[in-house]
Amino acid sequence: MNTLKSFLILNLFSFQIFAANVFINQAGYLPNLPKYFYYSGQADSFYIIEKSTGTIYYSGTLVLSVKNDPATALTLYKGDFSDLEREGIYFVKLDNGDSSFSFEISSDVFRSAMEKSLKEFYYQRCGIALTPEYAGEYNHPACHLSDAVLHSSTGESGFTENTGGWHDAGDYGKYVINAGITVGTLLMAYEYFPEKFDSDNLNIPESGNGIPDILDEVRFELEWLFKMQRADGGVYFKLTGKFFEPFIMPQEDKEERYIYQVSSPGTGNFAAIMARASRIFSIYDSSFAKTCLEASILAWKFLSEHPHIFPQGGFRNPIGTNTGYYYDYDDSDERLWAAVELFESTAKTEFHNYFIDHYNDAAILDSTMWWRNVKALAQITYLFSKQSSVLQEVTDNISISLLDYCNSLKERSNRNGFGITINPGEYVWGCNSEVLNNAILLIFGFERSGNSDFYNKALTQLNYILGANALNKCFVTGVGSEPVMNPHHRPSGADKVADPVPGIIAGGPNQNLQDALLDSLFNNSTPPALCYVDHVNSYASNENAINWNAALVFVVGYFNSEGKMNFENDK
């Protein structure tokens with residue numbers, strides 16, 4: 001290249017004018033893994049340019065990815081720059097002048113997102129002061145110190161001390177069913193990939209105690225859950241006010257809060273996570289681990305004595321209450337999960353037999369996990385069990401089902417313009433969590449089979465969450481160039497701090513338009529992946545929830561560091 005031509009190119013590409021139709025992972029890319037962006041304009045070639053110097057380090061040609069993508073109505077081109085492994089801060093420049101946000105290539109590129117998404121659980125803590133030392137500008141006094149009155153639906157009366165735990169979402173309620181899948185996901189991440197989640201310096205009150213902070217945070221929730229168990233083993237459904245709170249700080253919420261009746265789905269969730277906690281905490285605190293196992297066995301006793309869903313038909317809000325009710329009309333998946341976790345923790349035949357008798361009552365694994373269906377969590381536990389008495393035929397059946405499902409996710413990804421694993425029609429409330437939970441199953445599919453396609457598809461799901469989507473939005477607060485700024489999250493809306501609490505993941509597009517703001521902005525002809533607004537009033541697309549954050553922690557933590565599962569998969 002002659003000197004004049006070099007001068008002209010370097011000057012042309014030193015200008016970075018962001019175009020809204022260049023879609024990248026705004027957190028960045030790992031050096032040795034696939035790297036690509038999407039573009040919805042007209043161009044032929046692209047350049048990857050170092051931000052600080054204007055130097056071109058890679059050039060390539062755009063390839064058509066999809067015409068008229070049904071989820072976005074976009075025609076998308078893909079630019080692959082996987083061969084660029086040099087660490088640095090770059091941006092994409094198209095030959096027509098359009099450019100992307102800046103992004104980083106680094107072996108540490110996901111650390112900030114990992115730490116923020118896990119620390120977000122600290123900001124959700126209830127019943128303690130969040131002090132400036134740990135919470136910075138998001139500090140506030142202790143809240144909800146009068147929890148809670150026994151609601152008449154319990155058949156009991158009076159007050160029971162019930163402080164602690166995490167606020168469930170953008171409101172200040174606490175729900176056992178959602179706590180179950182949340183704690184289960186976090187414990188699963190640590191149990192199978194401890195080297196990826198062993199940090200003890202997250203700057204929470206327990207940091208530096210020799211226990212990974214992910215377990216310290218989980219224990220804060222478990223200590224509250226103990227208080228939700230009745231003497232007969234049954235577990236109360238939730239602790240909330242009768243109505244959702246206004247947008248006030250948690251310590252300003254002085255309305256009376258209630259504990260609602262026992263439910264069998266919640267009791268099954270409780271039994272499962274307490275059993276799992278017992279084996280994980282055994283190396284750190286044997287007394288606490290013993291308490292967890294005893295609580296789990298007591299919950300199983302309640303389930304055994306109540307073989308049908310309780311209350312009949314599933315929990316529903318009583319008249320006069322209008323908070324979340326996580327309606328679950330089928331507790332068979334929670335019972336299965338409880339049984340397999342107890343088997344894994346005790347090796348007892350009773351629990352093994354229950355799992356063997358029921359693991360294939362319906363399709364073994366044909367959907368991802370979410371708060372209403374935790375069957376996939378049960379199947380994963382058995383598939384990767386360390387117990388010597390597991391049946392090879394059963395693990396083979398589960399393995400086949402998992403890999404079949406992962407192949408179906410791969411096919412969905414190949415059809416989607418941005419490579420995600422949900423179809424048009426599935427951009428519903430909390431769909432970002434389905435994207436992430438599918439990524440978790442793809443990760444386990446990779447760990448089981450070694451199929452790198454599953455690994456790469458799991459990474460594609462994370463790319464989408466972190467900005468490689470039609471909205472050019474990083475769905476995680478405090479991460480990327482265009483993060484969520486106005487989540488439906490009461491502390492973020494009431495604390496008078498400019499930026500929201502970091503590490504929150506928003507629910508994502510909701511084509512059902514289930515709040516007034518979405519309904520006023522979009523209609524049935526809007527492409528489903530675009531039915532999202534970054535506004536505090538959009539609870540149906542822009543709220544957070546602890547179970548969604550748990551899935552994010554798992555996936556971003558998995559890709560944050562090298563390492564495989566902590567035991568050989570020889571089954």
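The values are calculated or read from the model by the stated rules, or taken from the named source; none is laboratory data. Predicted, not measured: the structure shown is a model, and the values here were computed from it. For neighbour counting, all protein chains shown are included, and Cβ atoms are generated from backbone atoms with ideal geometry for every residue, glycine included.
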* **Search result, residues across the stretch 420-429 that are surrounded by fewer than 24 Cβ atoms within 10 Å (Cβ to Cβ) and either of a type outside the set (D, E, K, R) or closer than 18 Å to Ser538 by Cβ (or both)** => Asn423, Pro424, Gly425, Val428, Trp429
* To do: Take the stretch 231-285 and flag every residue that is among the hydrophobic types (A, V, I, L, M, F, W, C), more than 19 Å from Ala338 (Cβ to Cβ) and in contact with a Ser or Thr (Cβ under 7 Å, 6 or more places away or on another chain).
  => Phe243, Phe244, Ile259
* Quick one: Leu62 ticks every box in (1) under 28 Å from the mean Cα position of the chain (by Cα); (2) of a type in the set (A, V, I, L, M, F, W, C); (3) buried (at least 20 other Cβ atoms within 10 Å of the Cβ) except a single one, so which number is it? => (1)
* To do: Inspect all residues belonging to the stretch 181-191 and state whether any of them is in contact with a Phe, Trp or Tyr (Cβ under 9 Å, 6 or more places away or on another chain) and either assigned to a loop (DSSP other than H, G, I, E, B) or at pLDDT below 95 (or both).
  => no
* Structure fact -> Note on the stretch 22-52: residues β-branched (Val, Ile, Thr) and farther than 17 Å from Ile420 by Cβ are Val22, Ile48, Ile49
* Structure fact -> Only one of Leu377, Leu342, Leu365 is in the same structural domain as Gly445 (by TED's automatic domain parsing), outside any helix (DSSP H, G or I) and modelled with pLDDT of 95 or more, namely Leu365
* When you go through Ser481, Ser385, Ser413 one by one, which is the residue that is outside any helix (DSSP H, G or I) and in contact with a helix residue (DSSP H, G or I) (Cβ under 6 Å, 6 or more places away or on another chain)? -> Ser385
* Subset tally (residues that are within 21 Å of Asp69 (Cα to Cα) and in a loop (DSSP other than H, G, I, E, B)) for the stretch 431-473 -> 8
* **Restricting the stretch 415-463 to residues that are small (Gly, Ala, Ser) and over 16 Å from the mean Cα position of the chain (by Cα), the residue that is nearest to Asp404 (Cα to Cα)** => Gly445
* Structure fact -> If you go through Glu334, Glu350, Glu344, the only one that is of a type in the set (D, E, K, R), closer than 20 Å to Cys292 by Cβ and under 22 Å from the mean Cα position of the chain (by Cα) is Glu334
* Single match in Ala299, Ala295, Ala275 (criterion: touching a residue at least 60 places away in the same chain (Cβ under 8 Å) and touching a Gly at 6+ places or on another chain (Cβ under 7 Å)) -> Ala299
* Structure fact -> Residues in the stretch 259-283 that are surrounded by fewer than 24 Cβ atoms within 10 Å (Cβ to Cβ) and part of a loop (DSSP other than H, G, I, E, B) total 3
* Out of Thr323, Thr368, sole residue that is over 26 Å from Ala189 (Cβ atoms) and buried (at least 20 other Cβ atoms within 10 Å of the Cβ) -> Thr323
* Asked: Just checking, how many residues over the stretch 119-152 are among the hydrophobic types (A, V, I, L, M, F, W, C) and surrounded by fewer than 14 Cβ atoms within 10 Å (Cβ to Cβ)?
  -> 1
* **Residues within the stretch 31-42 that are crowded, with 19+ Cβ neighbours inside 10 Å and not polar (S, T, N, Q), tallied** => 5
* Structure fact -> Those residues of the stretch 13-26 which are over 16 Å from Tyr90 (Cβ atoms) and either modelled with pLDDT of 95 or more or not in a loop (DSSP other than H, G, I, E, B) (or both) amount to Asn21
* Determine if the stretch 188-204 includes at least one residue that is touching a Gly at 6+ places or on another chain (Cβ under 7 Å), among the small types (Gly, Ala, Ser) and under 24 Å from Asn544 (Cβ atoms). => yes
* Asked: Does the stretch 175-183 contain any residue that is surrounded by 24 or more Cβ atoms within 10 Å (Cβ to Cβ) and more than 16 Å from the chain's Cα centre (by Cα)?
  -> yes
* To do: Report, ordered by the first and then the second residue, all pairs with beta carbons closer than 7 Å, sequence separation of six or more or different chains, a first member in the stretch 487-506 that is on the phi > 0 side of the Ramachandran plot, and a second member that is crowded, with 18+ Cβ neighbours inside 10 Å and in a loop (DSSP other than H, G, I, E, B).
  => Gly503/Thr477; Gly503/Gly478
* Any chance the stretch 27-48 includes a residue that's farther than 26 Å from Asn560 by Cα, assigned to a loop (DSSP other than H, G, I, E, B), of a type in the set (Ser, Thr, Tyr) and at pLDDT below 95? -> no
* To do: Search the stretch 77-98 for residues that are over 19 Å from Asn469 (Cβ atoms) and in the same structural domain as Ile24 (by TED's automatic domain parsing) and pair each with any residue that is assigned to a strand (DSSP E or B) and small (Gly, Ala, Ser) when their beta-carbon atoms are under 7 Å apart and the residues are at least 6 apart or on different chains.
  => Lys93/Ser99; Asp95/Ser45
